[in-house]
Structures are given as structure tokens and as C-alpha cells.
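Before I ask anything, let me first share the structure, which is written out below as C-alpha cells.
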There are 2 protein chains.
Amino acid sequence: MIQSHTRLLTEEQLLRVHEGSLEILQDVGMIVRNEKARDLFATHGCIVEADSELVKFPPAVVEKYRALLSPTFTFRGRDPQYDVTIPRGMPAFTSGSSAPNVIDPISGEERRCLSVDIARIGQLVNELPGFDIHNILGLAADAPQDQWAIGRVYPALKNTLKPCRVTARTPAEAEEVLNIGYLIAGSKEAYMEHPFITFGGCAVISPLTLDQDSTEMLMYYAERGLAYYGTVAPIGGLSTPYTLLGMLALTNAEWLAMAILAQMVKPGTPLVYCFLPVFSDLRTGAYASGGIEVGIMQSALAQMARFHNVPSGAYLGTTNSKLSDEQAGFEKGMPTLLGALSGTDLIIFGGIVDTLMSFDYAQMMIDNEIARMIKRVVKGMEFSDENLCLDEIKEAGPAGLFIEHPNTLARMKTTCLIPDLATREDRESWQEGGRRSIRDRAMDQARDILTKPNKGALDAETDARVRNALGDDLVPGDSVPPEEWKPLEQAPERRRHNKRRKNAA
Amino acid sequence: MIQSHTRLLTEEQLLRVHEGSLEILQDVGMIVRNEKARDLFATHGCIVEADSELVKFPPAVVEKYRALLSPTFTFRGRDPQYDVTIPRGMPAFTSGSSAPNVIDPISGEERRCLSVDIARIGQLVNELPGFDIHNILGLAADAPQDQWAIGRVYPALKNTLKPCRVTARTPAEAEEVLNIGYLIAGSKEAYMEHPFITFGGCAVISPLTLDQDSTEMLMYYAERGLAYYGTVAPIGGLSTPYTLLGMLALTNAEWLAMAILAQMVKPGTPLVYCFLPVFSDLRTGAYASGGIEVGIMQSALAQMARFHNVPSGAYLGTTNSKLSDEQAGFEKGMPTLLGALSGTDLIIFGGIVDTLMSFDYAQMMIDNEIARMIKRVVKGMEFSDENLCLDEIKEAGPAGLFIEHPNTLARMKTTCLIPDLATREDRESWQEGGRRSIRDRAMDQARDILTKPNKGALDAETDARVRNALGDDLVPGDSVPPEEWKPLEQAPERRRHNKRRKNAA
């Protein structure tokens, strides 16, 4: 495991930023649109001006409720073996949320997200070891208007044994979502023994505002002890100053205001210190979600999370690229690795391309590979006397060979990551195989998984119970492949013995 | 700047690895093919068995000469303003070496490297801020057989003001190379005042062997105080045990044997703790130079370099991909970032694709962008009270806007990296522009630079002096673009105002 995280700030600098946040909360305050929240703040020592939505926060109040923050957060899956409690020393990766569109796997064109996409993503999350959590992508455009929430939650829960994260805009919608949980579990009581739905939302509107509805939901979840975390999404140059430190001080203040509200509702309410910290590209005003600054910000935010003793999370790898080209590769890989090396516990990223506008199936498979690589990095050097291999080295001697030592073969699958998609064939084989890119191979892998039955699908009896209760216009919710897809007959890539070796001359 | 590096080992574990290396050097020893080197080792306390090439190293001898290692290494350029001394808190990036081939920028096919490629790479290194050092790629296939060394060194030196790293196989070749330096500087004495050629080589043949010729050269450079560093290139599973720790203990021993030889020749001889630590993919025996394990190994090696108090270096981003696809993106970006975050001082990587087999012009441009991103990460949070922006935040107030604050525009070019190649346009603009990938834009950028005169080219008078001295069959050495290339009329990418903004809902 990582023995020491990357740190971009000293402990003294970190404390100075936090003091800056306290100063902001005290002197500037937050606009709190929700009256109930304002009342709660007032009751617990904050200063709420009469006939105003402005709330100011004495540092002692912030510090009192900050001390109540839970050091852990648990995501529960339909199958408890997939439960994830963070921090766990290893980042948990989720599929990406927030994209309204999907790159159609047949046409390659952007289109609205459908319920079948959510179902398929569920199956992919279930199958892919890189992913730990299904973060529901977008809305299902084919679901009836009055099934905004369940039209996306049902296909997700139906196809994933791993934890699901969903959103609800109102208490009524949350009840509808929870009702699916009750139906699957058999009863409300059975569900509450192992509540496998996690809620999310964005109560903070940067800068320094808590909104009406999402803040209502935050209090709703906290009152009931339902798993929920909120994400803060500042935009540098628009909603924050155009410096990394300025964004850090401001957005830390925003998160703290939200977090202490939850503690005022119920002390110890678990949260994730979760952000989407993006700067604007001032040349055009573009939302530079692929910028390396997202990773730098998250490095500092992960450090701040440890200062608060709370789990950290972030949207990372939110590339601006429209396609799985090399830009997508480095914008996916670098900020995400930086976040992980800095101690980020929850990483929201799988499949998202084009500035959080679209989900791409091939990208989801490539992101699984990137997640596996990052997990391998975090696993680290695996220190032990056995792994030091001094006896093997003595046995082989100078100019010896290690390939025939039985330990070499025995460690084949544990020492190095065996990639699914990254090719290591030589140029001749690659040319003969049609000069394919990793995107071609990724689509093969997606097809390979999605044309097989979903091992994580809800059993028929339970599913019938859910469908009977929810009515005829419920989306089908099955993970079915596109009509043009058939199961692959053969492994997608021929593998040849590659004898080439090179020295660094 | 980075306040704390990523560390995969504790200090205790690091010490245990080093003790393992000492044990290897003492009990197993090294085969030393070069007789002069064996004599030097014997003279300085090592045990050389009679009628044998085996040398064993008492730990006290290793530690005595290890203590003499120089903490810094200096690369000098033709123009002293480009001199680089490492460590400097910021990695120095070089163009890639060791590839015999080039992806032809017109046909897209692999072909042998020509002298004009080396000249063009020189111009690119000179122009691109990501790169600090020109590490000469491969041989010039068009150079006469008897100009093996100068056929590649001349086009490099002619087109680069930044430091160049070259190789020579024999003292005679080194003299030929140095002679170009003397001719450019005006005299040997003038050259020695600011010697702008750095030599490299690979004296270690893993496992545990010092070869005949490269070891001779190491001693040659050390005797004369010429800048030189050697690279060690272990292959996990073949030349080392198939564990990360086993490779670390073994290859650290190999480097130490080489390094103390240099100290025995001349105490304080500067070196770089430089590696290409690659594992074999045991499924096929492929050389997995794109594997994330290269980055993990380099993380540990960079930590070991600090233990020895020497500058660290590595080949990183040596992707297995044949083309600038997403695999190239994450295999370029992730191990390189990991190495940098772990404190690697010298990173050898620009332009190299296909398992160190080929150089690609577009990749060189993309690598410049990756290098700039990594430099931005290492620059870090830029802590200051001014950057904390508390006054600006108070001025804007809750729900305020920062876009119109004069400081926002003033910081436009300093807060965030402004990418040359990563697109941030919206989908509509991208589609209208022909759905181009970053590789397309990278080729535009290469063309844009290479169709302009090289500002770093040797002046005509000096060049005439060099050419007169070196004879008629010397390669032309000019950086001329491919015949099909003409200067671009317009900027390669139309930029549109992108109003889209998204929240993380």
C-alpha cells in the first residue's frame, strides 16, 4: 500500500486555508434558501439576519459540529459482499453520473440516455473489477414523465449487486425509490437491515449558497439515517477566484456549511468530502473538466479531507475529449491517478466523455482498465522478505536467468496487472490484425460481456414482485445488447509470442 | 511545489532493500568483463577471484564509495541559459532515445530513423517548453558507416540550444563527438569551459554483469570529468525475480557496482540513478514497457535515489501502443506522473511509441503537453496569502461572480495550463470541424513548428567551420520539413465561445 500520500500543502498551509474558510463563513456567510435550514442554523448558534436568507457562522459553531463528522461512509450493495466502507486504503471507483447522453454503440452518434443504457451499465459495473459502485448515469429518456426517479433506479438496481447511488428531487421521489428497495428486500424492515441504496445531491450552489430543494433533501436523509452524500461543484473564475488556493478556501467553506447542517439534524451523519473542482478556460469560457487542475485541486482536497477526518471523493477523469483518443487517455489517467495518490477514497469517473455530457461504452471498458492500474499502484510494493527474493537471486547468480524458476510462473498473475485491453503485441501482429486501436478492443469487451446473461440480475420472482407493484408503464429494465450485437465467436485479439526485447542504449 | 512525495516504502523497508543489495553484492557479486575495471575493483578493496571475472563487494567498500556520490548532475546546453542541474524540484524531460525507427509523418508507416529526423527532433526540443534536453533518438540510417556517432550527433547539436545527450561506443568515437563540440565552441579550451555534450551508456547487463566496452567508456568519461550517466534496464521475470521488490534489490545492487566504479576512477563523479525497469508479460514473453509496473518501480527507485542522495532518472511513458490512441494516452501519462510525484528528476520519454521501437512526431507534440501538465502539477498550489483571495471572496459575497474581477483576467495565463492540443470545444463545433482527434491537431502543431526556420540552428559561419573540418560525406543536418508539408495558413483549431456549463447532479 501507499506509505505516504502526495501532498501539495504543508500542514501549516492547510490550517491557514481552513482558517480562511472559517473567516469566509463568519464574515461573508452563506445564502440559505431553505427556511427550515435557516431555522436549524439559528437554533444551533449561527447568526441569521431578520428578513434575510443570509446566515453567518461563528467559527466556534463550525468547529463544534465539524468535530461530529463521521470518519467513515458506507455504500451497501444488494449483495453485502460488495459493501464498501471508505476510507479503506484503496479508492472505490464508480461509473460516471451526470451525463444526459450516450454515444450509441452502433452508430457512434450522441443520443439521449435510455433505460436500457442504465441497465447495461449496471451489468458492466457488476462484471468489471475496476468498479465498486454503480453511480446512475442520467435520466432514462424513455421512462414516463412521472417515473423520473424510478425509471432510472429500477434498471440500475435490477442489474447490479454492487452498491447503487441515486438521486431524488423530493421526499415523494425518495419514497418511490426506497419502495423499490423494500420490494426487492421483501419488506421495509428487511430493507432497513441492509439498506442498499445511497442517495446523492448538490445542496451547495457555488458560491456560498445552499439551495431550496436539495437542502431539504439533505435534511430529509439525515433525519432518517439514510445514506447520502452531497457534491460541491465550484467553477474557478466564475463561482470562485481564479486561483487554486482561493477555490480551496471557498469550496471548503461551502462543504463545511452543508456538512454541519447535516450534523445539526443528526450528529454523526456520515458524508463524503466530495467535489467536482473545475476551472473555466478563460480563452472561451469553456468548462475545462479535463484540465490537470482538477487533479491538482483534488490532491489538495483529499489532504483537507484527512484534516477533517472524513472520507474524500471526487469526479475525476472528466475529459473534454469527444472520443476515445489520446487526449481522453491522459485526461482520464492523470488527474485520477493524482487524486488516488493523494488519498482520494471515492472516484466517480467510469465511461464519462465530452465534458460530462456523454457516456461511452468503450470508454467505460477503458476506464475499468485505468481503475485496475490505479488499484495496482495503490497496492504498491508488497513488502515482505519473501518478495525480496534474495535466495532466488543467489540461486540464479550473475548472468543467471529467472524465467525458469518456478516462483516466476507462480507469480504470473499477482506481480503485474494483466491488462484486458492494452495490447503488447508486436507491430507485425498488430498490422496483420487490422491496426486496431484500444477503442476497437474495448467495444469487443463490452460486447463480450453484454451479450452474455447478467449474473447479477434480479431473480425472476423478486422482479415480478417489483413489476406487479410498480405498474405497467415501468421501463423493462433488462440489460439487452443492441440488436446488431451477437456474442463473439473468438477472443478478440490473437496473441503471438513476442520475442522482441530492447535495451536502453 | 510538491510538499511531500508519494512513497511506496517506509524508510525501514527502504533500508532493508538496500541491505539486501549489499548482501547480493557481497555474496553473489558481479561478473565484470572489463579487466581494467576488475583491477580497479581489486585495488580498492573488492574481492576478485583469480582466473575469474567475478567480483565480490564487501559492504564497507560499497558504503565507502557510495558516500562519495555527487548529489547533483548538470546537463549543459549550447546556450548556457538552458543548462539543467538536477535535482531542481521539477523534473527535466527529454525526448526519447533508443528507438531505431520513425513513424513517417506523411505515410504513417514505420521506417528507419534518418539524420533529418534527428535534426527535426532537435528543432522540436528547442521550441517545446515541455522538453529540457535532447536525448538523441537512434542511429541515422543515411549516415556513412564510419560516421555512426557523428552522423547523429551533428544534426542534434546543429539544431538544439538545449542540452544534448549522445552515446559513443569507443574512445575514438567519443573523441569524434567531442571534436564537434570543440569546432562549435571554437577550441577545445573554449568547449571545456562549458562542455555542452552529455554522454550516456549501459555498462550493466542485467543480471549482475558489467560489460566490456560500455564499462571501458564509463571509466573513460570519469577519468576526463566528462558528463556521463549510465542506465540500467532490468527485465522482470528474465533478468530479475518476478517481484517488484526483488527487481528493486537486484537492480539497486547493479547500479551501485557501476556507480562505485566511477567513484574509484574519480571521487565525486556525478551520475544519475537512471533505470528502465520493465517486467515481462509472462503470457507471451512480451516486453511490457507500457505496464503500470514501470511507474511503480520508478516510484520506489526515486525514493531509493533520495536514500543515496543522488539525482534520479527513468525512461517513463514507454507505451506498447503502436499509435496515438487512448492506450498511448494513459500509458504515457500515468507512469510518468507517478514517477514525477515520487520525485524523479530526469524523465526520458518524448515521442517514443511501440515498446521503444519507434518515434512518432505527433506523439512528441502530445508528450510536450503531458510534460507541461506534469510540470503544472509539480508547481502545485502556489501558497500565498494573495492567492488565498479572501478579500476577493468578501468583495464578491454569497452568490457573487468572479468573472469580472480584474484579478481573474490577470491570472488567465498563470493559474491554469493553457493546452496547445487538448480540445475544449463543444460537440457541435467539433463535429463541424471534422471530428478531429488530438493526433490530427498534434500533426498540425509539428508542421507549424517544422515549416518555420529553426531559431536554435547553428549560425552559418560556425556550421561552415564544422562541415569543413568533418568532410564531404557528413549528413546535411538541417531540419527540413517533409516535401509535402507547407506552412499552415490558419490556426489549426477554430475556437468558439463555449457557454456550456454543467453541475454534478
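The values are calculated or read from the model by the stated rules, or taken from the named source; none is laboratory data. Being a predicted model, the structure only gives us computed values, none of them experimental. We place every Cβ from the backbone using ideal geometry, glycine too, and count neighbours over all the protein chains shown.
Take the range A:30-85 and flag every residue that is aliphatic (A, V, I, L, M), in a loop (DSSP other than H, G, I, E, B) and at pLDDT 95 or above.
A:67, A:68, A:69 - these are the residues of the range A:30-85 that are aliphatic (A, V, I, L, M), in a loop (DSSP other than H, G, I, E, B) and at pLDDT 95 or above.
I need a count of the residues in the range B:190-205 that are facing chain A (nearest Cβ under 9 Å) and either in a strand (DSSP E or B) or at pLDDT below 95 (or both).
Result for the range B:190-205: 3.
Checking residue B:376 against (1) more than 7 Å from chain A (Cβ to nearest Cβ); (2) touching a helix residue (DSSP H, G or I) at 6+ places or on another chain (Cβ under 9 Å), which single condition isn't satisfied?
(1)
If you don't mind, there's one more thing I want to ask. Name the single residue, out of those in the range A:306-324 being in contact with a Lys or Arg (Cβ under 7 Å, 6 or more places away or on another chain) and facing chain B (nearest Cβ under 10 Å), that is nearest to residue B:341 (Cα to Cα).
Within the range A:306-324, the match that is nearest to residue B:341 (Cα to Cα) is A:317.
Please work out which residue is surrounded by the most Cβ atoms within 10 Å (Cβ to Cβ), limiting yourself to the range A:241-282 and to residues that are within 22 Å of residue B:396 (Cβ to Cβ) and of a type in the set (D, E, K, R).
Going through the qualifying residues, I end up with A:254.
Output the residues belonging to the range B:411-465 that are assigned to a loop (DSSP other than H, G, I, E, B), out of contact with any Phe, Trp or Tyr (no Cβ under 7 Å at 6 or more places or on another chain) and more than 12 Å from chain A (Cβ to nearest Cβ).
B:452, B:453, B:454, B:455, B:456, B:457, B:458, B:459
Related question: Which one of B:317, B:285 is on the phi > 0 side of the Ramachandran plot and free of Cβ contacts under 8 Å to residues at least 24 places away in the same chain?
None of the other options fit; the residue is B:285.
Here is a check on your reading of the model: is residue A:256 over 16 Å from the mean Cα position of the chain (by Cα), farther than 20 Å from residue A:2 by Cβ and facing chain B (nearest Cβ under 7 Å)?
Answer is no for this residue.
Quick one: what pairs do we get from the range A:383-395, first residue farther than 13 Å from residue B:242 by Cα and modelled with pLDDT of 95 or more, second part of a helix (DSSP H, G or I) and not β-branched (Val, Ile, Thr), C-beta under 7 Å, 6+ apart or different chains?
What qualifies is A:383/B:13; A:383/B:245; A:394/B:27.
Quick check on residue A:404: is it outside any loop (DSSP other than H, G, I, E, B) and either more than 9 Å from chain B (Cβ to nearest Cβ) or of a type in the set (D, E, K, R) (or both)?
Spelling it out, it is not the case that residue A:404 is outside any loop (DSSP other than H, G, I, E, B) and either more than 9 Å from chain B (Cβ to nearest Cβ) or of a type in the set (D, E, K, R) (or both).
Okay, moving on. Just the residues that are touching a residue at least 40 places away in the same chain (Cβ under 8 Å) and within 9 Å of chain A (Cβ to nearest Cβ), please, taken from the range B:18-27.
The answer is B:20, B:24.
Something else now. Counting only residues that are under 18 Å from residue B:296 (Cβ atoms) and more than 9 Å from chain A (Cβ to nearest Cβ), how many does the range B:1-17 have?
Final tally of qualifying residues: 1.
If you scan the range A:86-96, which residues turn out to be assigned to a loop (DSSP other than H, G, I, E, B) and over 19 Å from residue A:366 (Cα atoms)?
A:87, A:88, A:89, A:90
Go through the range A:79-102 residue by residue and tally those that are surrounded by 23 or more Cβ atoms within 10 Å (Cβ to Cβ) and touching a helix residue (DSSP H, G or I) at 6+ places or on another chain (Cβ under 7 Å).
4
Looking at B:248, B:208, which is the one that is in contact with a helix residue (DSSP H, G or I) (Cβ under 8 Å, 6 or more places away or on another chain), at positive phi and among the aliphatic types (A, V, I, L, M)?
B:208
A further question follows. Looking at B:286, B:328, B:300 in this structure, which one is hydrophobic (A, V, I, L, M, F, W, C) and over 19 Å from the mean Cα position of the chain (by Cα)?
Going through B:286, B:328, B:300 in turn, the sole match is B:286.
Looking only at residues in the range B:428-468 that are more than 22 Å from residue B:122 (Cα to Cα) and touching an Asp or Glu at 6+ places or on another chain (Cβ under 6 Å), which one is surrounded by the fewest Cβ atoms within 10 Å (Cβ to Cβ)?
Among those that are more than 22 Å from residue B:122 (Cα to Cα) and touching an Asp or Glu at 6+ places or on another chain (Cβ under 6 Å), it is B:437.
Surrounded by fewer than 15 Cβ atoms within 10 Å (Cβ to Cβ) and under 25 Å from residue B:239 (Cβ atoms): does that describe residue B:47?
Judged against the criteria, residue B:47 is a match.
Looking only at strands (runs of 3 or more DSSP E) that fall completely inside the range A:250-367, which ones have 2 or more residues that are closer than 30 Å to residue A:485 by Cα?
Filter on the range A:250-367 gives A:346-350, A:358-360.
If only one of A:370, A:393 is among the β-branched types (Val, Ile, Thr), closer than 25 Å to residue B:209 by Cα, surrounded by 17 or more Cβ atoms within 10 Å (Cβ to Cβ) and within 11 Å of chain B (Cβ to nearest Cβ), which one is it?
Going through A:370, A:393 in turn, the sole match is A:393.
Hey, another quick one. For residues that are of a type in the set (Phe, Trp, Tyr) and under 24 Å from residue B:317 (Cβ atoms), scanning just the range A:325-364, find the one that is nearest to the other protein chains (Cβ to nearest Cβ).
Selected residue: A:330.
Does the range A:206-244 hold any residues that are part of a loop (DSSP other than H, G, I, E, B), under 25 Å from residue B:383 (Cα atoms) and within 21 Å of the chain's Cα centre (by Cα), and which are they?
Within the range A:206-244, A:206, A:233, A:234 meet the criteria.
Okay, moving on. Of the residues A:345, A:354, which single one is closer than 21 Å to residue A:442 by Cα, acidic (Asp, Glu), modelled with pLDDT of 95 or more and buried (at least 24 other Cβ atoms within 10 Å of the Cβ)?
Going through A:345, A:354 in turn, just one is closer than 21 Å to residue A:442 by Cα, acidic (Asp, Glu), modelled with pLDDT of 95 or more and buried (at least 24 other Cβ atoms within 10 Å of the Cβ): A:354.
Could you tell me whether the range B:84-96 includes any residue that is of a type outside the set (Val, Ile, Thr) and within 12 Å of another protein chain (Cβ to nearest Cβ)?
Looking through the range B:84-96, at least one residue is of a type outside the set (Val, Ile, Thr) and within 12 Å of another protein chain (Cβ to nearest Cβ).
Suppose we filter the range A:97-149 for residues that are modelled with pLDDT under 95 and in a helix (DSSP H, G or I); how many remain?
The number of residues fulfilling the criteria is 3.
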